Amino acid sequence: MSNHKFVHIELSSTDSEAMKKFYGTAFGWQFQDFPDMGNYTTFTTGEGEVGGGFKPVTEENPPGSVIIYIHTDDLADTKSRIQGEGGTILMDDLDIPTVGTMSIFKDLSGNVLALLQSVAM
C-alpha cells in the first residue's frame, strides 16, 4: 500500500491579503502568490512541515471550506479503493504542472478531501 500522509491543506479565503497578514503575524507563515492560478497563494508553516494554500471562495468552495490533500503513489488504485468502500470521486484527475496529478473525493460522512500523486523527481 502506498504512503498516504497529509501533504497540503487548502483554506478558503475571501481576502488573501488579509489572510496573509493574519497568518503571517499570528504564526510566522511564509507566502507565495500565483496570480496565473486564479489568485492562488501558497503558505509554508516551517521547514519540513505540511504547507498549503488559500483558495478563493466560490460556489464550489464556500467560506469555511478546508481541503486536506493526501499523498498517493498510485492515484488510480487509491481512487478504486475509495469507491470500493463507498466513497465518491467528485473531480477526476487534474494535472498540475511541475506538481503532480490530483483528484477530489467525498468520504462516507461527506468530508471532501483530495489525493495528490506527485511528479517523479
The correct count of residues that are of a type outside the set (A, V, I, L, M, F, W, C), touching a Gly at 6+ places or on another chain (Cβ under 6 Å) and within 26 Å of D36 (Cα to Cα) in segment 73-121 is 2
Which numbered condition K55 misses (of (1) among the charged types (D, E, K, R); (2) touching a residue at least 40 places away in the same chain (Cβ under 8 Å); (3) assigned to a loop (DSSP other than H, G, I, E, B))
(3)
In segment 1-19, the residues that are over 24 Å from M102 (Cα atoms) and in contact (Cβ under 8 Å) with a residue 24 or more places away in the chain:
M19
Residues of segment 1-12 being open to solvent by 60 Å² or more (accessible area, probe 1.4 Å) and under 17 Å from the mean Cα position of the chain (by Cα), in sequence order, are N3, H4, K5, F6
Within segment 13-33, of all residues that are in a helix (DSSP H, G or I) and among the aromatic types (F, W, Y), the one least open to solvent (accessible area, probe 1.4 Å) is Y23
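The values are calculated or read from the model by the stated rules, or taken from the named source; none is laboratory data. Small disclaimer: the values here were computed from a predicted structure and weren't measured. Virtual Cβ from ideal backbone geometry, glycine too; neighbours counted across all protein chains shown. Keep in mind that these areas ignore ligands, DNA and RNA; they rest on the heavy atoms of the full protein, side chains included. Shrake-Rupley method; radii C 1.70, N 1.55, O 1.52, S 1.80 Å.
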